[in-house]
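The values are calculated or read from the model by the stated rules, or taken from the named source; none is laboratory data. Predicted, not measured: the structure shown is a model, and the values here were computed from it. Positions of Cβ are generated from backbone atoms using ideal geometry, with glycine treated the same way; all protein chains shown enter the neighbour counts. Side chains included, ligands, DNA and RNA excluded: accessible areas come from the protein's heavy atoms. Shrake-Rupley method; radii C 1.70, N 1.55, O 1.52, S 1.80 Å.
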Amino acid sequence: MQLGIHLPHIGRKAGPDSIRRAAVLAEEAGFADVWVSEHIIVPKDAAYPPTPNFWDPVLTLTWAAAATSRVRLGTSVLVLPLRHPLPLAKELATLQNLSAGRLILGAGVGWLEAEFDALGVPFRERGRRMDEGIAMMRAVWSDDPVSFAAKWIPATIDRMVAQPQPVHPIPIWIGGSSDAAIRRALRQDGWHGSRIAPDQAAAVVKRLRADRPGEDFTVSVRMVVNADMVGGVRDTLAAYRDAGVQHVLAAPDDRDIEAYLSTAETFRRAGDGI
């Protein structure tokens, strides 16, 4: 089983030094990858997310990439319908090339309707915009020249060129546990579940593997860890492994960087041999 760790780019522990320090230590400790999340704008005093301080995910990963050489770089997850696919495709291709092919694009449709309203994106169209956005980015990354007939996203692409293209294909893992998310994941390179127990994950894995049994499809989950639960982390990781999960991302919810780093190290030790 491969283990990843969420970078401290959210809340009061976020900052250039803490992000760089966490990325370097993750690489030295043997983590497979480091991860970021996304909210662009949130209602004031919202119950969730608990903080509006989300540093930009693509820029954060670029900062982490510059401080490392091996560890992969992932998004858990980018809310694709909130972004126009063309500038995002450019940013992600650039990051893929700057990092020598280490990027994993975790993507989801989003859930915070007020965030969609603030950005002028129709909330009820988010699934269709996500599917079209993925298809548009894949076309831009592979075709030269590229033409794309868009229906849901404002775009006119007729024999145009967008460079750089990625030096290596960017794998796309789809987040979410809805039927639509599972169907969408099966068309891509992996599934990335969040806050899902091992017994629940087992049912999803069975469904995914019925259609995608090969090693070219990754099953990943994200779990929250903190100092109060570290004693049970090893058992939880073993249960995920037995459920067929190949990759687990830990999201430490500690509020300061020292506690975060301690929890990250405990998580890494718990995964030894699993």
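Can you work out which of the residues in segment 16-74 that are within 18 Å of Leu103 (Cβ to Cβ) and in a strand (DSSP E or B) is most open to solvent (accessible area, probe 1.4 Å)? Within segment 16-74, the match that is most open to solvent (accessible area, probe 1.4 Å) is Arg72. Among the residues of segment 189-197, not a single one is at pLDDT 95 or above, surrounded by fewer than 17 Cβ atoms within 10 Å (Cβ to Cβ), among the charged types (D, E, K, R) and farther than 24 Å from Ala22 by Cα.
Please verify whether Arg129 is open to solvent by less than 60 Å² (accessible area, probe 1.4 Å), over 20 Å from Asp56 (Cα atoms) and of a type in the set (Lys, Arg), treating the condition exactly as stated. In short, yes. Taken residue by residue, segment 196-215 has at least one member that is among the β-branched types (Val, Ile, Thr) and more than 16 Å from the chain's Cα centre (by Cα). Tell me, please, whether a residue that is of a type in the set (A, V, I, L, M), open to solvent by 60 Å² or more (accessible area, probe 1.4 Å) and not in a loop (DSSP other than H, G, I, E, B) can be found in segment 140-160. Yes, some residue in segment 140-160 is of a type in the set (A, V, I, L, M), open to solvent by 60 Å² or more (accessible area, probe 1.4 Å) and not in a loop (DSSP other than H, G, I, E, B). Checking the structure you have, find out if any residue of segment 93-114 is surrounded by fewer than 16 Cβ atoms within 10 Å (Cβ to Cβ) and touching an Asp or Glu at 6+ places or on another chain (Cβ under 6 Å). No, segment 93-114 has no match at all. The C-beta contact set for segment 30-44 (first residue touching a residue at least 40 places away in the same chain (Cβ under 8 Å) and closer than 25 Å to Ala118 by Cβ, second residue of a type in the set (Gly, Ala, Ser) and in a loop (DSSP other than H, G, I, E, B), distance under 6 angstrom, 6+ apart or interchain) comprises Trp35/Ser76; Ser37/Ser76.
Quick check on segment 199-206. Is at least one of its residues open to solvent by 70 Å² or more (accessible area, probe 1.4 Å), under 28 Å from Pro52 (Cβ atoms) and either in contact with a strand residue (DSSP E or B) (Cβ under 8 Å, 6 or more places away or on another chain) or at pLDDT 95 or above (or both)? Looking through segment 199-206, none of the residues is open to solvent by 70 Å² or more (accessible area, probe 1.4 Å), under 28 Å from Pro52 (Cβ atoms) and either in contact with a strand residue (DSSP E or B) (Cβ under 8 Å, 6 or more places away or on another chain) or at pLDDT 95 or above (or both).
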